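Have a look at the structure below, then the notes.
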Amino acid sequence: MLDFLFSGWGAFWVTMGMLLPFAGMFWYVIHRKSVVDSGPGTTPRAAMSRLEGYWLTAVFVIFVTINLASLKFMPIIATARAATAGPPVQEVAVTATSWTYEMSSRQVETGKPVRFSARAKDTQHGFAVYHPDGRMLFTMLMMPGVSKPTTVVHTFSDPGTYKIRCLEYCGIAHHGMKDELTVVKSNAAT
Amino acid sequence: MTIASTIIAGTPVFGRMFSVDKSTGLEEINAWPALMIMASFIWLAVAGLLGLVMPATQMFDLDSGHFYTTLTLHGAALAFPFSFQLMVGVGLHRSGGCVGKPITGWLPAMCFITMNLGAALLTVAVLMGFKVSLVVMFPLPLVGAQMGIWSMNAVILGFTGIYLVLACMILLYPLLGLSMLFFGKKRQDLVLSERSLNDPGMLGMTLSALTLLIAGLPLVVVGTTLLLALYGVIPMSMAAWAAEPVVFQYCFYIFAHNLMEAMALMVSSAMYATLPLYLADGTRKLFSDKLANTALWILLLTSVTSFLHHFITFYPNQPASLSYWGNIMSWGTGIGAAISIFTVLATIWQHGLRAEPGIIAVLLGWALYILDGASAIVTSNVAWAYVLHGTMWQSGHTMTVILAMSLMWMGVLYHHYPVITGRKLDPALGTWFVRLFTVGGFGAAIAMLAGGAAGMPRRFADWNQEGWMVYGHMIMIFGLILGASFVVYAYNLLQSRDLNEAMGQRVGAT
């Protein structure tokens, strides 16, 4: 459930989950107070203040809950943990140049963390990895001239051919800047 | 007759829409705003035509270079000379009437010239091959020239244009706004609706001007250095620090992000000022000025540093702590929005609403802005940023914030139009505009967010893969509906009638 929530479509439905109650409330208040009865409201000021308190508390609780739940899914945390401890990491060094990728390896194994360390040589580039079912797993932003590579640690669970795309506009052949990564079953797992 | 009135009078078609009323003695607060508003609609027409070219290049399989040309021009024209200039025009008119000061002299003239000349130079540069998208994507402009994709002349021309536009947005307009608020003598004959700085309708304008000025200064310094080097005034080695991609990008986003927040502050303020004028019981007061002002302050304080969310996927070059900070501050803006939602709905609930097209446009624009805000805070969460950054989600967010503010300002313009021109607009056409804009705006926004959720890349000339074209078709259909709404709005402006003339039955009138 939480896995879905912190995917692209999860983000979409959370956004709709914020929009739809607001849209309903918005339509109801405007319709009621401009078409049905535009006369002054009879709700006492104290009741309105209580409502304000409930509303702001609800918003605050929802916001905090969502953000706390997201901690587990923040790639930054997995990346930082892998830098200090954890299972052996497969290293993939990436260099992006308009409009190709140079990669130290195009094959990794399932179940083992992979550290992607990416640099841009000429201009800004992205490095986004798409699951074979079309979902985007993660993306990275690279800028030239920085001392450290942009880094993400990701553990693949499904074997298959994963597409790689640049998601930072990098000129007239930007849409053609893509590559592939093969994920095979781990020997340890078989 | 002022220069501004003369230019309007000499402009075909658009001049008819905004010819200034000289009978009221208010030409000093009407003329320059009217000229800026007129120019913004000319740019809207240009942007609309360019918007049609984007799907056409994909449908007819044309050279992808055309897609990137129109992508750059369409985005830049909508964001700056249309949306921002519309805000400047209507906002200045509002300020002038609230503080009773004329909008005359060199500052409004320079605002107008720098914005429109800058946008025109950028357009020429893009037509010369300079395709960098509206956010410049530095160091792409220089790399493109090195690779021979476009010429160095196009880069210099493009940078000059961008610099002039920025000079208007960061320096001239804020200085004009602040000088009107704090300096000069009030003239009672120009006061239309007096307001103090404690009024939520004025506070947002002040905060907005200060935000633009302060958040934009680093970019002015970087831009000036680069431009001086490009023109050979200083050696390139002296500008090397400014040409560092990280320096440029951070300065750019401190400004660009806060530009959107400043525009949001400004338009929220305009809504707080306009809504009370349409309350059914005639109270002309918000539910709570204190709450409204609190929302503005929270929005300001949380938004200033939330720009860090633009670089979450740049880890570890942007340290994790800064990304978390950007995440938390972005969601903090949501608290400001929640207070604003309560204030607006409570005001309407307690006092009723006269549902005229202008105020309904303002309210629906604000509702669209709330949708945009929800999409923005979601993508600012560190976990979601990794699966949404660089996708159509971001384009949807950028487009929606511009559309929302445009709709709000177009709604506010309904209120100001009779004062500026001495003519009135047809409410039936106004209602049709609002209906079409709402369907087109919400539809395009949701379609783009869905495309982003599906992983569809932004600024990408080849949508016809992975099933993304379904979102492309939806974006095009809703985009056409949006275009139709603008045509209705423009037709209404063209058909405006003298204030004393009876309004006949028009399209859709009941």
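The values are calculated or read from the model by the stated rules, or taken from the named source; none is laboratory data. Quick caveat, the model's predicted, so the values are computed rather than measured. In this analysis, Cβ positions are derived from the backbone assuming ideal geometry, glycine residues included, and neighbour counts consider all displayed protein chains.
Take residues that are more than 7 Å from chain B (Cβ to nearest Cβ) and among the charged types (D, E, K, R) and tell me which of the strands (runs of 3 or more DSSP E) falling wholly in segment A:98-190 contain 2 or more.
Hits in segment A:98-190: A:113-120, A:178-184.
Scan B:359, B:420 and give me the residue that is within 10 Å of chain A (Cβ to nearest Cβ), within 30 Å of residue B:23 (Cβ to Cβ) and either in contact with a helix residue (DSSP H, G or I) (Cβ under 7 Å, 6 or more places away or on another chain) or modelled with pLDDT under 95 (or both).
B:359
Is there any pair with a first residue in segment A:52-63 that is free of Cβ contacts under 8 Å to residues at least 24 places away in the same chain and crowded, with 17+ Cβ neighbours inside 10 Å and a second that is assigned to a helix (DSSP H, G or I) and among the polar types (S, T, N, Q) whose Cβ atoms are under 7 Å apart and which are 6 or more apart or on different chains, and what are they?
Matching pairs, first to second residue: none at all.
For segment B:437-475, which residues satisfy the criterion of being over 27 Å from residue B:360 (Cα atoms), facing chain A (nearest Cβ under 10 Å) and among the aromatic types (Phe, Trp, Tyr)?
If the condition is that a residue be over 27 Å from residue B:360 (Cα atoms), facing chain A (nearest Cβ under 10 Å) and among the aromatic types (Phe, Trp, Tyr), then B:460, B:463, B:468 are the ones that fit.
Taking the condition of being modelled with pLDDT under 90 and either over 10 Å from residue A:153 (Cβ atoms) or not hydrophobic (A, V, I, L, M, F, W, C) (or both), how many residues in segment A:68-92 meet it?
7
More than 9 Å from chain A (Cβ to nearest Cβ), closer than 19 Å to residue A:173 by Cβ and free of Cβ contacts under 8 Å to residues at least 60 places away in the same chain: is that true of residue B:148 in this structure?
Considered against the rule, which asks whether it is more than 9 Å from chain A (Cβ to nearest Cβ), closer than 19 Å to residue A:173 by Cβ and free of Cβ contacts under 8 Å to residues at least 60 places away in the same chain, residue B:148 comes out as yes.
From the residues in segment A:32-48 that are within 9 Å of chain B (Cβ to nearest Cβ) and part of a helix (DSSP H, G or I), which one is farthest from residue B:295 (Cα to Cα)?
A:35
Given (1) in contact (Cβ under 8 Å) with a residue 60 or more places away in the chain; (2) over 25 Å from the mean Cα position of the chain (by Cα), where does residue B:270 come up short, assuming only one miss?
Of everything listed in (1) in contact (Cβ under 8 Å) with a residue 60 or more places away in the chain; (2) over 25 Å from the mean Cα position of the chain (by Cα), residue B:270 misses just condition (2).
Check A:23, A:46 and return the single one that is surrounded by 11 or more Cβ atoms within 10 Å (Cβ to Cβ) and free of Cβ contacts under 8 Å to residues at least 40 places away in the same chain.
Exactly one of A:23, A:46 is surrounded by 11 or more Cβ atoms within 10 Å (Cβ to Cβ) and free of Cβ contacts under 8 Å to residues at least 40 places away in the same chain, namely A:23.
Is one or more of the residues making up segment B:401-411 crowded, with 24+ Cβ neighbours inside 10 Å, facing chain A (nearest Cβ under 10 Å) and part of a helix (DSSP H, G or I)?
no
Inspect segment B:314-321 for any residue being on the phi < 0 side of the Ramachandran plot, more than 9 Å from every other protein chain (Cβ to nearest Cβ), small (Gly, Ala, Ser) and in contact (Cβ under 8 Å) with a residue 40 or more places away in the chain and give the result as yes or no.
Scanning segment B:314-321 turns up no residue that is on the phi < 0 side of the Ramachandran plot, more than 9 Å from every other protein chain (Cβ to nearest Cβ), small (Gly, Ala, Ser) and in contact (Cβ under 8 Å) with a residue 40 or more places away in the chain.
Can you give me the number of residues within segment B:287-303 that are closer than 16 Å to residue B:210 by Cβ and either in contact with a Leu (Cβ under 6 Å, 6 or more places away or on another chain) or buried (at least 22 other Cβ atoms within 10 Å of the Cβ) (or both)?
5
Residue check: is residue A:122 buried (at least 17 other Cβ atoms within 10 Å of the Cβ) and either in contact with an Asp or Glu (Cβ under 6 Å, 6 or more places away or on another chain) or over 19 Å from residue A:82 (Cβ atoms) (or both)?
Yes.
Hey, among the residues in segment B:233-253 that are touching a Ser or Thr at 6+ places or on another chain (Cβ under 9 Å) and either among the aromatic types (Phe, Trp, Tyr) or assigned to a helix (DSSP H, G or I) (or both), which one's nearest to the other protein chains (Cβ to nearest Cβ)?
Only one residue fits best here, namely B:245.
Here are some conditions: (1) away from every other protein chain (no Cβ under 14 Å); (2) over 25 Å from the mean Cα position of the chain (by Cα). Residue B:202 meets all but one. Which one does it not meet?
Only one criterion is unmet by residue B:202, namely (2).
Determine, yes or no, whether residue A:92 is part of a strand (DSSP E or B) and more than 30 Å from residue B:247 (Cβ to Cβ).
Numbers: part of a strand (DSSP E or B): yes; more than 30 Å from residue B:247 (Cβ to Cβ): no.
When the stated conditions are applied, residue A:92 does not pass them.
What's the number of the only condition in (1) surrounded by 13 or more Cβ atoms within 10 Å (Cβ to Cβ); (2) aliphatic (A, V, I, L, M); (3) closer than 22 Å to residue B:342 by Cβ that residue A:36 fails to meet?
With (1) surrounded by 13 or more Cβ atoms within 10 Å (Cβ to Cβ); (2) aliphatic (A, V, I, L, M); (3) closer than 22 Å to residue B:342 by Cβ applied to residue A:36, the lone miss is (1).
Considering each residue of segment B:492-510, count those that are of a type in the set (Gly, Ala, Ser) and modelled with pLDDT of 80 or more, and give that number.
The number of residues fulfilling the criteria is 1.
Could you run through segment B:367-384 and say how many residues are more than 18 Å from residue B:432 (Cα to Cα), in contact (Cβ under 8 Å) with a residue 60 or more places away in the chain and not small (Gly, Ala, Ser)?
Residues in segment B:367-384 being more than 18 Å from residue B:432 (Cα to Cα), in contact (Cβ under 8 Å) with a residue 60 or more places away in the chain and not small (Gly, Ala, Ser): 5 in total.
Search segment B:438-463 for residues that are at positive phi and at pLDDT 95 or above and pair each with any residue that is in a helix (DSSP H, G or I) and crowded, with 22+ Cβ neighbours inside 10 Å when their beta-carbon atoms are under 7 Å apart and the residues are at least 6 apart or on different chains.
Sorted first by the residue in segment B:438-463, then by its partner, the pairs are B:455/A:8.
So residue B:135 fits all but one of (1) at pLDDT below 95; (2) hydrophobic (A, V, I, L, M, F, W, C); (3) farther than 27 Å from residue B:311 by Cα; what number is the exception?
Result: residue B:135 fails condition (3) only.
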